[in-house]
Each structure stands twice: as structure tokens, then as C-alpha cells.
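Okay, so here's the structure we're looking at.
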Amino acid sequence: MNFDQPKHDPHGVQRLLDILRRQQDASSTSSSSAPSTSTITAPSAVAPSHPPNPFSPSQTAAEPSDTSISAVESQVEAAQRRRTYNTSSSKYGIPTAAEEPFDPYSFNPFSASNPVLSQPTPAPKPEPAPTPTPRPKSRDLASLSFADALPILSTLSTDKSLLRRLRSLRTQQHDLEKRLFKEYRQFTAIADKQYPNVKARKEQDEKRRTAMLKQWDECVSKQQEELNRAGVPGVKVTRDKRETEKQRKVLNVLVEMMDDEGE
């Protein structure tokens, strides 16, 4: 027994090499001392194609072929390479990879933390609805000043329907003025005889005037409403003195346009 055999030879590789060397040495010695007579016949048995078993008692004394030696040496080198790859590398400090038993439940394909699975493509976010552009507020024509109303009045000079409506309103106003004036003249003509009492006559006169002003105010309100509906700037239903003065200026411009168009 060879006690110099390394302890880390689990497959008996070194022992196999020693046996092969001894067999080769023994065969070379016997071939040199054997007589070269023709009476010695070679064994008729053909060596098997596979390498012999060195551990078999019947094969220990047989002469190994060069092919079997090469096959065994290749197996030895392969075993040494496997042993070298399986041992830890002291140079790089790489530990030997431990073989762990396969656990079929260790892989969860539905785990979000599994790097093998690719994350699902997120659904595209819906595009926000476009913010509607606020429509510009329509200009309040009734609140325009006289200067701001002039450019608009120049465009209304070609509106034939508006000019006809202005003529109709002016005719109604003239008819009302004539009628009120006529009624008041008739009252004053017979007031002295009909109301001989001065106090009673003054009361009747005040009532007549109030009724006339009421009719006039109604006529003015109707005109303001019609002109505002027609889009005449600076005109609205009001009794404010400043507003009525502005409206009078606007109407004067329209009347001049109307007269120029009628000539």
C-alpha cells in the first residue's frame, strides 16, 4: 500500500496511474527476456475495444495497450479538471457553489419582486380634456360712453331696417307731442269758465300736466327699449339725467344719418 497517496484522491486516480505504470514496466521487462522462437504463439484473443478494468484480478497481469492507457489518462485529466472546478479558489476567494435541492415552490411567477418577470406595460393615462377657451364676454353696448359708441354708430348708418324703425319712432313721438299740446290748449281755453274757482282750476291744471308727463315718460321708455333691442350703443331704459343726456347725443347722430340717407 502506498501511504504517500494524497488524501484528497476520492476517485483513486493516483492509485490507478501507479497500477498502470507497474503493468507497463512489467510488460517491458518480460518482453526483453522472452525467447524469440516461433514456437511461442500469441494469444488469439482480441483485446476488447473498451479499456480493461485495472482492479480486476484477471487483468492485473495482462499487457495494457497504448489505447487503453490514453483513454485512462484522459479520464484522469477530466476527473482532475472536475475536482479543480469544484474546489474553492484561494486566489480569488470564490467559494464552491453549494448544490441546493430543487424547491418547486421557491419560484413564484406572480411575485412583483421577481426580476425574471417583466413588469406589465402600464396603461396609458387618459389625456385630460382640453380646457374650453372662455368665450369673450359680449360687450355691454348700453354701458358704452358716447365716444366709444361713435365707431359702432358709423356701422349702423348702413342698416336700413334700423333707420326705418327710427323714422317710425320719431313719427310716433311727433304725433304724441301734437296730441298732448292740442289737449292742453283745449283745457286752458275753457278752464276759466269750467273752473271759476282759482284753486280748483290750479288742481285741474296740475292733474293735466301730470297725465301728460306720464304719457311722455311711457313714450320715452318705449323708445329706449326699442333702440336697446336694435343694438344701438349707449341706450337703455333709465331715467338718470346723465344717461338720458348721453342717449340724446346718440339719437342726434342717428337722426342726422337718417336725414342724410333720406335726401
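Just so it is clear, none of the values below were taken in a lab; they were calculated from the coordinates. Treat the numbers as computed from the prediction; the structure is a model and nothing was measured. As a convention, Cβ positions derive from the backbone with ideal geometry for all residues, glycine included, and neighbour counts pool all protein chains shown.
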Problem set entry | Entries in LYS178/LYS222; LYS160/LYS214; LYS182/LYS207; LYS199/LYS222; LYS202/LYS246 that, when Cα-Cα distance is taken, lie over 25 Å | LYS160/LYS214; LYS199/LYS222; LYS202/LYS246
For this session: May I ask you to list the residues of region 157-189 whose amide nitrogen lies under 18 Å from a point 7 Å from Cα along the Cα→beta-carbon direction of GLN204?
Result: 181-189
Problem set entry | Distant-in-sequence amide H partners of LEU144 (H built 1.01 Å from N, under 5 Å) | GLY234
Exercise. Dipole of region 133-211, Cα-centred, from +1 at each Lys and Arg C-beta and -1 at each Asp and Glu C-beta, to the nearest 20 debye?
Worked result: 220 debye
Problem set entry | Paired Rg and Dmax values of region 142-194, which use every Cα atom, in angstrom | 19.1, 57
